[in-house]
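Structure, as C-alpha cells:
No lab work stands behind these numbers, since they all come straight from the coordinates. All values reported here derive from a predicted model rather than from experimental measurement. Please note: Cβ atoms are built from the backbone with ideal geometry, for glycine as well, and neighbour counts cover all protein chains shown.
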Amino acid sequence: MKVLVTGGTGAVGILITRRSAAEGHEVLCASRGAGGADPARDRFLAPVRDRVRFVAADVADPESLARLWRDHAPTAVVHAAAITPTRQMETEDPAKILNANLMGTLHLLDQAQRGGARRFVFISSAAVYGETDEATPIREDEPLKISGLYSIAKQASEHLCAHAADLHGLDAVACRVGWVYGPMERVMAGSRQSMSLVHEFTRLALAGEEIRVAHLDHVRDWIHGDDLARALLALFATERLPHRVYNLCGDRGYTIRELLDTLNRVVPLHYRQVSAEESNVPPLQTRKRRGPMSLERLMADTGYRQTFSLEAGLRDYVAWVRSGLEAG
C-alpha cells in the first residue's frame, strides 16, 4: 500500500510512519513543516528512509490536499494530524483549532473518496468518553461526554467518517486512542504543548530529581507508540471490519503509583504525594479522568495483540531518551 500519514512528523504520526515503512509500505509522511530541516526526525526515520517521502501539506487547505493526491495518489490514509490545544489556545483561537481538527477531516475524507483510497483510519481520542468510573472498562458503545473543542472536533470527525462511508462507500473507521508514550514525543509549536506523564516522570528521574505529584491512584491505559502503530496496521490488513469505531490503548489500566513503581525498576527514582501547590508535575495531568478502555473489539476483529508490557515499553523509551536521539 501507499499509505498517507497526516501529522506524520508528530508524536503519534511519526511512530505510525516508521512502523508502516518497516512493514514494507510506501509512506507519504505529510505535515505542514515536512519540507523543513528536522535532524531528530531524520535520525529516527533513517532505518526506513528509502520507503518514506516527506510531503508538505496542510489538512486545513483543500488545495494542498488535492495537489498531494494528484502527485502521489495514496491508497490508504491514517489521519493523525491535529492540534492538541491548551485552554488558552481554545479561548484565543477556536477557529484555528476547528479548521485543523474538524474541517481538516472533512477535506481529507473528500480527497480520499475522490482518489479511491482503500481504507481511511481516523485517529480519534478517548477524550470523547469524558470522566468515567475508573474501575469499569469502557466499551465503544459507552455514552459519550463531550467537553472542549478537542473532543467536540473528534466526535464530529467520527460522524464525518461514518457519513463518508454511508454516502460514498469509503471504508472509513475511527480509533479512539488512549494514553500514548514512546520515542519522539516532543513539544511542537502550534500543535502540541503538553507532554505525557511518562515523558515528565522519565526526565525528572534521569535528572535525579524527586518526583512530587498531587495524585497517585488515578488510572491511565498506557500504550507504547509502536504497539499503537501495529494495531493500525492490523486494521489495514483486515479485509472486512465489522465496526466503524475501535478503542486503541494498553491492555489494562495502571495507577500513577504503578507507573512510577514500574519506572523505578528501569530508572531509580524517588516520589511522594504532595499538595497541588507543591507538585512539580502539573496536577491536571494526574487528576481523575476515566477508566481504561476495553480492547476486546479490536482484538476480536483484527487479531491484534500487544507487544510491549509496561515495563518493556518503559525500558525501550528510557533507552531512547538516554541515546540522545531526541535532540535536534
Choice from 90, 277, 200 showing the highest fluctuation, given a GNM over the chain with Cα pairs closer than 10 Å: 277
Estimated FRET transfer efficiency when R0 is 30 angstrom, pair residue 96-residue 284 (beta carbons, to 0.05): 0.85
From the coordinates shown, mean projected area of the Cα convex hull in nm² corresponds to which of (1) 15.6; (2) 18.1; (3) 20.4: (1)
Lysines whose Cα lies under 25 Å from that of residue 288, excluding same-chain neighbours fewer than 8 positions away: 145, 154
Within the chain, percent of DSSP bridges classed antiparallel, to nearest 5: 10
Förster-model FRET efficiency, 25 Å R0, residue 136 and residue 270, C-beta, rounded to 0.05: 0.15
Added length on full extension, which subtracts the Cα-Cα distance from 0.36 nm per residue, residue 252 to residue 144: 36.8 nm
Positive-pole candidate from 128, 225, 151, dipole of the chain, charges at beta carbon: 225
Partners for residue 96 among aspartates and glutamates (Cα-Cα distance below 16 Å; same-chain residues under 8 apart left out): 58, 61
Highest-fluctuation residue, 310, 144, 170 considered, GNM on the chain with Cα pairs under 10 Å: 144
The chain: angle of helix 104-114 to the longest principal axis, Cα-based, in degrees nearest 10: 40
FRET efficiency, 1/(1 + (r/R0)^6) with R0 25 Å, evaluated for residue 86 and residue 42 via beta carbons: 0.30
With Cα atoms, 0 to 90° folded angle of helix 149-168 axis to the chain main axis: 30
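To the nearest 20 debye, what is the magnitude of the charge dipole of the chain about its Cα centre, counting +1 on the Cβ of each Lys and Arg and -1 on the Cβ of each Asp and Glu?
So the magnitude is around 520 debye.
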